[in-house]
Each structure stands twice: as C-alpha cells, then as structure tokens.
1. Checking GLY42 against (1) small (Gly, Ala, Ser); (2) more than 24 Å from the chain's Cα centre (by Cα); (3) assigned to a helix (DSSP H, G or I): exactly one of these is not met. Which one?
2. For the stretch 28-42, check the following and say yes or no: at least one residue is closer than 30 Å to ALA140 by Cα and surrounded by fewer than 18 Cβ atoms within 10 Å (Cβ to Cβ).
3. List the residue pairs whose Cβ atoms are under 8 Å apart, where the first residue sits in the stretch 149-162 and is open to solvent by 90 Å² or more (accessible area, probe 1.4 Å), the second is of a type in the set (A, V, I, L, M, F, W, C), and the two are 6 or more positions apart or on different chains.
4. Out of all the residues in the stretch 132-146, is one or more closer than 30 Å to SER186 by Cβ, aromatic (Phe, Trp, Tyr), assigned to a helix (DSSP H, G or I) and open to solvent by 40 Å² or more (accessible area, probe 1.4 Å)?
5. List pairs: first residue in the stretch 71-90 and part of a loop (DSSP other than H, G, I, E, B), second residue surrounded by fewer than 21 Cβ atoms within 10 Å (Cβ to Cβ) anywhere in the structure, Cβ distance under 6 angstrom, at least six positions apart or on different chains.
6. Can you tell me which residues in the stretch 119-131 are in a helix (DSSP H, G or I), in contact (Cβ under 8 Å) with a residue 24 or more places away in the chain and either open to solvent by 50 Å² or more (accessible area, probe 1.4 Å) or aliphatic (A, V, I, L, M) (or both)?
7. Looking only at the stretch 91-101, count how many residues are over 13 Å from the mean Cα position of the chain (by Cα) and in a helix (DSSP H, G or I).
8. Might you let me know whether the stretch 78-85 holds any residue that is over 25 Å from ALA12 (Cβ atoms), touching a Leu at 6+ places or on another chain (Cβ under 8 Å) and of a type in the set (Ser, Thr, Tyr)?
Amino acid sequence: MQAPDPPDDAVAHYKRGNVHKDAGEPQAALKSYSQALELNPGYAHALCNRGVVLASLRRLDEALRSYDEALALDPRDAITYYNRGVLLHEQKDWSGALQSYELAIQFDPGRFHAHFNLGLVQRELQQWDAALASFERAIAINPEVPAPYFNRGVLQQQHRQFAAALQSYEKAIALNPGLYQAFFKSGSVYQELKDPDKALASYDRAVSIRKD
C-alpha cells in the first residue's frame, strides 16, 4: 500500500504558525506564516491568520492589508471577512465593519459572533430594527449566550419597551447570575416604572456582585 503524499512545506509552516498563534507566541507565528507565504504567495489562510496576529500586535494597517490580500485570493471566505470586521469595529469604522460582518454572514449564515457584532455596529449607526433583528438571529443560533439577550434588552429599554427589556435582562441573568450590568439596567427600568423597591434590590445586587 502506497503511503500518502506528505503535506507540502507551505502547509507545514502554516500549521506551525497556528501552533505559535494559539500558544500566544505572535512573533514566532508571524515568522512561520511568512515562510508559508514565501513558498506559496497565494495561501489565503496564511494571509488571514497573519492578519489576526498582526492585529494582536496592534499593527493594524498591516493586518488590514493582510486580510484584503486574503480576500482578493478567496472572496468568499467568511472567517476573513469576520476578522476584518472585528478590526474595523475596534477602530470604530462602523460602515466598514458593517460591510465585513454582512459579507461574513452571507457566506456563513450560522456564524453567531458575526450576527452579534453586526447588531452592535447597527446600534452604533442607530439602525434600531436591524440591530434587534441581528441580536434575535444570534439568540436563535446560540440561545445559551447571555450577551445578545442583554443587548436586546438595552435596545428595548431605549425604546421604552420596559416589560420586554426586563424579560431580556432576566434571561441574561439566568444564563449568567454574575452579570452585574443586567442587574444595573434592570434597576434603571424599575426606576422608570416607579417601582423603588425593585429598583433598589437590583442596584444592591449589582453592587454586591461588583464587590465580590
């Protein structure tokens, strides 16, 4: 029986880069990705992961170029679009982040973090209905994560949908009883509803969690 062909050297360097990246060794990871790209300049995955490492080193312009080079080679790669969106999101380039997250979702509709982050960007752009829909889709994909419920509650509270907001905060708290922000926001809703006892109880719980 003939042995399978070994992976080419570019793949080996790429895999080494991933090990270094996951081990928190960015300089070694960059060296390995560069070696992979010297052997295969069209290695889109190496360009994407190089961008991740460059972003972690705050070499943001270089990271963005690396993502763009990867997408020029593979314009349907959801992971690269998502990583590009995260970079632009951190830079508060809302329109650029919006486009990248939307493309990530186009090519991978089940990507939870892309829907959630898209909702955050849409909220910054005051696209309220779209943001709410994005949080709802994130919840549908993974209903066990508290963050989309909490952020849905913030939107509902802003639109004075107080009962719905409280339900969202309660769901977030059920999933993470240490989420002091949800207790704090619940307190502010109870203030709006003129319920001082519940407001104080929520604020007290938020303070108690912060002290722990």
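1. Among (1) small (Gly, Ala, Ser); (2) more than 24 Å from the chain's Cα centre (by Cα); (3) assigned to a helix (DSSP H, G or I), the lone unmet condition for GLY42 is (3).
2. Initially, the stretch 28-42 is screened for residues closer than 30 Å to ALA140 by Cα, giving none.
No, the stretch 28-42 has no match at all.
3. As it stands, the answer is GLN158/TRP128, since those pairs meet every condition given.
4. No.
5. Close Cβ pairs (under 6 Å, with a partner that is surrounded by fewer than 21 Cβ atoms within 10 Å (Cβ to Cβ)) amount to ASP74/ALA44; ARG76/PHE107.
6. LEU120, VAL121, ARG123, GLU124, TRP128, ALA131
7. In the first step, residues of the stretch 91-101 are kept if they are over 13 Å from the mean Cα position of the chain (by Cα); the result is 91-96, 99.
Filter once more, keeping what is in a helix (DSSP H, G or I): 94-96, 99.
Qualifying residue count, the stretch 91-101: 4.
8. Checking the stretch 78-85: at least one residue is over 25 Å from ALA12 (Cβ atoms), touching a Leu at 6+ places or on another chain (Cβ under 8 Å) and of a type in the set (Ser, Thr, Tyr).
The values are calculated or read from the model by the stated rules, or taken from the named source; none is laboratory data. Because the structure is a prediction, the values reported are computed rather than measured. Cβ coordinates were reconstructed from backbone atoms using ideal geometry, including for glycine residues, and neighbour counts include every protein chain displayed. Note: accessible area is taken over every heavy atom of the protein model, side chains too, but ligands, DNA and RNA are not part of it. Shrake-Rupley method; radii C 1.70, N 1.55, O 1.52, S 1.80 Å.
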